Amino acid sequence: MIEIKNLTKVYKLSKKKMQELKTKETIKRAADNISLTARPGEIYGLLGPNGAGKTTTLRCVATLLKPSEGSVSVCGYDTITQGEEVRKNICLLTNEIKLDPHFSPKYMFQFFGKLHGVDDETIEKRRKELFDYFGISEFENKKIEELSTGMKQKASIAVSLVHDPKVVIFDEPTSGLDIITARNVTDLLLKLRDEGKLVIISTHIMSEAEKLCDRIGVIIDGKKVIEGTLNEILEATQAKDLEDAFFDLYKEHHKEEK
Ligand SMILES: Nc1ncnc2c1ncn2[C@@H]1O[C@H](COP(=O)(O)OP(=O)(O)OP(=O)(O)O)[C@@H](O)[C@H]1O
Ligand SMILES: [Mg+2]
């Protein structure tokens with residue numbers, strides 16, 4: 001389970017960042033009093049526009065950022081005081097994660113498996129399962145630098161799952177992938193969910209949220225403005241689809257801000 005309670009993350013802004021964000025404020029509340037609970041066996045989606053605070057929230061869950069206020073717990077462990085326990089139970093995926101280009105997927109899988117303390121037999125069993133699933137077995141001994149972008153991404157995902165984490169955190173799972181590879185990845189997330197894992201993702205793609213997520217939390221300007229299943233959100237907003245619901249919520253939020 002992931003429990004986020006009143007999470008606020010404030011960044012100090014450099015002069016450059018102030019110009020970039022076109023603001024006179026010297027701080028940015030990237031996450032502003034966000035609370036949410038995500039449970040095993042569901043895919044929870046953080047849906048929001050660029051700069052909404054999705055990555056910030058996920059990085060707080062993954063222990064990479066310390067909340068300015070509030071708390072986050074994962075599988076009952078506090079991300080600040082029990083970071084190591086949290087990290088044993090999670091994997092964080094982003095499209096920026098790169099494997100060392102000089103090594104092969106097979107070597108990287110074994111290396112990270114050992115790093116996580118997984119025994120050799122289990123490493124081999126999982127490697128076979130995941131490499132077969134992603135169709136990387138044929139390329140397992142090639143250098144990563146020789147693989148296509150999609151193959152690299154699939155190899156990174158396989159490697160990140162070597163310790164069979166209970167919680168899978170994925171920042172924009174399909175960003176930069178072609179339609180076939182993207183489907184491979186979303187199918188895997190559904191499979192992991194069906195195995196009882198907790199999957200939490202961020203996305204700005206409405207159709208991805210609609211198709212993939214069991215529950216959606218819409219984040220605008222660091223605030224969670226609505227949460228629920230697709231049907232609950234459509235009912236609450238009286239919109240015909242998620243895109244319309246999103247625009248209504250966006251307009252409403254900016255009206256309140258003025
Ligand atoms: N290290 C940082 N220092 C200052 N401001 C930051 C920093 N990281 C993020 N921000 C700002 O915080 C806000 C939230 O950023 P975040 O990356 O969490 O958004 P996001 O929802 O993931 O956006 P995107 O869809 O573009 O990935 C943005 O305004 C961003 O410019
Ligand atoms: Mg982001």
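Assess whether residue 203 counts as being of a type in the set (Ser, Thr, Tyr) and either crowded, with 22+ Cβ neighbours inside 10 Å or closer than 16 Å to residue 48 by Cβ (or both). When the stated conditions are applied, residue 203 passes them. Taken together, the criteria place residue 81 among residues that are more than 8 Å from ligand 1 (Cβ to nearest atom), assigned to a loop (DSSP other than H, G, I, E, B) and of a type in the set (S, T, N, Q). Based on what the data block shows, is residue 63 under 20 Å from residue 162 (Cβ atoms) and hydroxyl-bearing (Ser, Thr, Tyr)? Yes, satisfied. Would you say residue 118 is in a loop (DSSP other than H, G, I, E, B), of a type in the set (Val, Ile, Thr) and closer than 27 Å to residue 59 by Cα? For residue 118, the condition - in a loop (DSSP other than H, G, I, E, B), of a type in the set (Val, Ile, Thr) and closer than 27 Å to residue 59 by Cα - is met. State whether one or more residues within the stretch 11-23 are out of contact with any Leu (no Cβ under 6 Å at 6 or more places or on another chain) and either crowded, with 22+ Cβ neighbours inside 10 Å or closer than 22 Å to residue 233 by Cβ (or both). So far as the stretch 11-23 goes, no, none of its residues is out of contact with any Leu (no Cβ under 6 Å at 6 or more places or on another chain) and either crowded, with 22+ Cβ neighbours inside 10 Å or closer than 22 Å to residue 233 by Cβ (or both). Among residues of the stretch 173-199 being within 16 Å of ligand 1 (Cβ to nearest atom) and buried (at least 21 other Cβ atoms within 10 Å of the Cβ), the one that is nearest to residue 214 (Cα to Cα) is 173.
Whether any residue in the stretch 93-101 is within 25 Å of residue 33 (Cα to Cα) and under 20 Å from the mean Cα position of the chain (by Cα) is what I want to check.
Residues of the stretch 93-101 that are within 25 Å of residue 33 (Cα to Cα), as a first pass: 93-94.
If we keep only those that are under 20 Å from the mean Cα position of the chain (by Cα) too, we end up with 93-94.
Yes, some residue in the stretch 93-101 is within 25 Å of residue 33 (Cα to Cα) and under 20 Å from the mean Cα position of the chain (by Cα).
Of everything listed in (1) hydroxyl-bearing (Ser, Thr, Tyr); (2) part of a strand (DSSP E or B); (3) surrounded by 21 or more Cβ atoms within 10 Å (Cβ to Cβ), the single unmet condition for residue 57 is (2). Annotation note: Cβ proximity below 7 Å between a residue of the stretch 194-205 that is under 13 Å from residue 39 (Cα atoms) and a residue that is basic (Lys, Arg) (sequence gap 6+ or interchain) occurs for 197/166; 198/39; 198/166; 199/193.
With closer than 28 Å to residue 212 by Cβ, within 13 Å of ligand 1 (Cβ to nearest atom) and either assigned to a loop (DSSP other than H, G, I, E, B) or touching a Pro at 6+ places or on another chain (Cβ under 6 Å) (or both) as the only criterion, which of 45, 51 stands out?
Values: 45 fails: either assigned to a loop (DSSP other than H, G, I, E, B) or touching a Pro at 6+ places or on another chain (Cβ under 6 Å) (or both).
Unique residue meeting the criteria: 51.
The set of residues in the stretch 199-258 that are assigned to a helix (DSSP H, G or I), in contact with an Asp or Glu (Cβ under 9 Å, 6 or more places away or on another chain) and among the aliphatic types (A, V, I, L, M) comprises 206, 230, 233, 234, 242.
Note on the stretch 53-97: residues that are in contact with a strand residue (DSSP E or B) (Cβ under 7 Å, 6 or more places away or on another chain), of a type in the set (S, T, N, Q) and in contact (Cβ under 8 Å) with a residue 24 or more places away in the chain amount to 8. Considering each residue of the stretch 152-181, count those that are part of a helix (DSSP H, G or I) and out of contact with any Pro (no Cβ under 8 Å at 6 or more places or on another chain), and give that number. The total comes to 9.
For residue 162, are the conditions met, namely being within 15 Å of residue 188 (Cα to Cα), touching a residue at least 40 places away in the same chain (Cβ under 8 Å) and in contact with a Gly (Cβ under 8 Å, 6 or more places away or on another chain)? Please lay out each step first, then the result.
Values: within 15 Å of residue 188 (Cα to Cα): yes; touching a residue at least 40 places away in the same chain (Cβ under 8 Å): yes; in contact with a Gly (Cβ under 8 Å, 6 or more places away or on another chain): yes.
Considered against the rule, which asks whether it is within 15 Å of residue 188 (Cα to Cα), touching a residue at least 40 places away in the same chain (Cβ under 8 Å) and in contact with a Gly (Cβ under 8 Å, 6 or more places away or on another chain), residue 162 comes out as yes.
Under the condition of being within 16 Å of ligand 2 (Cβ to nearest atom) and in a strand (DSSP E or B), the residues counted in the stretch 3-28 number 4. Scanning the stretch 29-42 for residues that are part of a loop (DSSP other than H, G, I, E, B) and at positive phi yields one hit, 41.
Values in this text are rule-based calculations from the coordinates and carry no lab data. This structure is a prediction, so every number in the text was calculated from the model and none was measured. Here the Cβ is made from the backbone with ideal geometry for all residues, glycine too, and neighbour counts use every protein chain on show.
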